[in-house]
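Visitor: My questions will all concern the structure given below.
The values are calculated or read from the model by the stated rules, or taken from the named source; none is laboratory data. What you are looking at is a predicted structure, and each value in this text was computed from that prediction instead of being measured. Heads up, the Cβs are rebuilt from the backbone with ideal geometry, glycines too, and the neighbour counts pull from every protein chain shown. Accessible surface areas use protein heavy atoms only, side chains included; no ligands, DNA or RNA. Shrake-Rupley method; radii C 1.70, N 1.55, O 1.52, S 1.80 Å.
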Amino acid sequence: MSWKVLITARSFGMGDPWAKEALSRMGCLVEVVSRDVRFTEQSLMNALGDVDAIIVGSDPLSGKVIGAAPHLKVVSKHGTGVDNIDIAACSARGIVVTNVPGVNNESVADLTMGFIICLARSIIQADVSVRSGGWKRFIGIELSGKVLGLIGFGAIGRAVARRALAFGMKVKCYDPLLKNDDAHGVGVTPTTLEDVLQTADFVSLHVPLNDTTRGMLDGKRLCLMKPSAFLINTSRGEVLDEHALYEQLATGRLAGAALDVFTHEPPSGSPLLKLSNVICTPHYAAYTNEALSRMDKISVENVCAAIRGGKPEYVVNPEVYGGRD
Ligand code: NAD
């Protein structure tokens, strides 16, 4: 029986235009949805009726959507974070969920470091000023000796730490699932969330969105940061309270922020867009030729492995295999 594979990830095919050929060679009927389409729950439900596997980006694969996909066997995430997928609903149906971990760490870390340098030296503001006829010399700060506080010390947090240490920064991290030796071994000091917020000159978020991280940077915690400090978020918008962040930035209780992710994307109408001390980018931290190409290849390989009856390399819900390797 040939599988129908629906590809809704808007980032798919930008890195490796030939990746989907592997599915066609396996006899799959492959449908790639136009990049202009933004799925709602309802339109996804309508699209998934005869689909066996989906390669998905950020579209909402809720329990309701999964319930409307009677043939679905594989959900292959074209990315790392799986917060848009109801994993429990998939597991209950025996649907395997896969992702592509560890393929975009370097790209996201590059952007994070770029944000840190732009914030420290007002590069965006200086560019805007010169283009509009100005010649204002913005006074910045050096990175050497400054403290970078990482919230979440997984693959991306570590890649950021390597870069920051090379710039002479002192790096601290908060990650409750970390063994202290893991951080000390690479020159990073593990500490509490409060200490990161109170002492860091730059705080950078690298946590997955889950029940422990949703809203973790609320107004009370943002108030712990130094007025001279900068916040960087490349994780997920919902990890912080955007209204409280706006208040802090607009009233000078926080020096600046760089945001690649937002609670609503695109963040049309957000007051954050009006602030000159905020850098906003379109959730594009993983958009490099190298990372996109790896994401294309591995997300397809994950589906191919399942079609062959094997276990894909990167399974998010191993319980569907009942402990089988
Ligand atoms: P990872 O799983 O390697 O690391 C996440 C780390 O967060 C882990 O070490 C974990 O222990 C820690 N963590 C979990 N709960 C925590 C909590 N409550 N407090 C502090 N730490 C906690 O993941 P990663 O590859 O480093 O990616 C991190 C996140 O970045 C992803 O889940 C995704 O949401 C986001 N991301 C965004 C982009 C983008 O385009 N902006 C690209 C890739 C990843």
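Visitor: Longer than 32 Å from Cα to Cα, which of LYS64/LYS226; LYS179/LYS220; LYS172/LYS311; LYS136/LYS220; LYS77/LYS170; LYS172/LYS220 are they? Say none if no pair is.
Guide: Check vs 32 Å cut-off fails for LYS64/LYS226; LYS172/LYS311; LYS136/LYS220; LYS77/LYS170.
Visitor: Mind listing the long-range amide H neighbours of THR189? Cut-off is under 5 Å, sequence gap 5 or more, other chains count too, H placed in the peptide plane at 1.01 Å from N.
Guide: VAL171, LYS172, CYS173
Visitor: Give the residues of region 264-295 whose amide nitrogen is closer than 11 Å to a point set 7 Å from the Cα of MET14 in the direction of its Cβ.
Guide: It comes to 282-293, nothing else.
Visitor: In terms of the Cα gyration tensor, with a ≥ b ≥ c the square roots of its eigenvalues, is region 169-238 rounded because a/c is under 1.5, prolate because a/b exceeds b/c, or oblate?
Guide: Taking the square roots of the gyration eigenvalues as a ≥ b ≥ c, region 169-238 is oblate.
Visitor: Give the long-range amide H neighbours of VAL97: residues separated by 5 or more places, or on another chain, with amide H under 5 Å away, using H modelled in the peptide plane at 1.01 Å from N.
Guide: Counting only residues 5 or more places away or on other chains, the set is VAL75, VAL316, ASN317.
Visitor: Note down the accessible area of ASP218, probe 1.4 Å, to the nearest 10 Å².
Guide: So the heavy atoms of ASP218 present about 60 Å² to solvent.
Visitor: Oh, and also: Shape call for region 127-192 from the C-alpha gyration tensor, a ≥ b ≥ c root eigenvalues: rounded (a/c under 1.5), prolate (a/b greater than b/c) or oblate?
Guide: prolate
Visitor: Which distance in Å, rounded to a whole number, links the C-alpha centroids of region 139-169 and region 100-118?
Guide: Spelled out, the Cα-based centre of one part sits 12 Å from the other.
Visitor: I've got another one for you. Give the share of C-alpha pairs in each 20 angstrom bin for the chain, from 0 to the last occupied bin, in whole percents, shortest bins first.
Guide: With a bin width of 20 Å, the distribution comes to 30, 53, 17, 0.
Visitor: Would you work out what percent of the accessible area of the chain, with all protein chains in place, is carbon or sulfur (probe 1.4 Å)?
Guide: 54
Visitor: Let me ask something else. Which FRET efficiency value, to the nearest 0.05, is calculated for ARG137 and GLU313 with the Förster distance at 41 angstrom and r the Cβ-Cβ distance?
Guide: 0.20
Visitor: Another question, then. Using all Cα-Cα distances in region 105-280, what percent lands in each 5 angstrom bin from 0 up to the longest?
Guide: 1, 9, 18, 22, 22, 15, 8, 3, 1, 0, 0
Visitor: For region 58-163, rounded, prolate or oblate, judged on the Cα gyration tensor with a ≥ b ≥ c (square roots of eigenvalues), a/c < 1.5 rounded, else prolate if a/b > b/c?
Guide: Since a/c reaches 1.5 and a/b is larger than b/c, the shape of region 58-163 is classed as prolate.
Visitor: By average Cβ neighbour count within 10 Å, what is the ranking of 130-143, 171-184 from highest down?
Guide: Ranked from most to least packed, the peptides come out as 171-184, 130-143.
Visitor: Can you list the residues, at least 5 places off or on another chain, whose amide H is less than 5 Å from the amide H of VAL147, using H built in the peptide plane?
Guide: LYS170, ASP201, PHE202
Visitor: Find the accessible area per residue for the chain; the probe is 1.4 Å, ligands and nucleic acids are left out, and the unit is Å².
Guide: Spelled out: the 1.4 Å probe surface of the chain, per residue, equals 47 Å².
Visitor: With each run of n ≥ 4 DSSP H residues scored as -39500 (n - 2.57), what mean residue ellipticity at 222 nm is computed for the chain after dividing by its residue count and rounding to the nearest 500 deg cm²/dmol?
Guide: Calculated at 222 nm, the ellipticity per residue is -9000 deg cm²/dmol.
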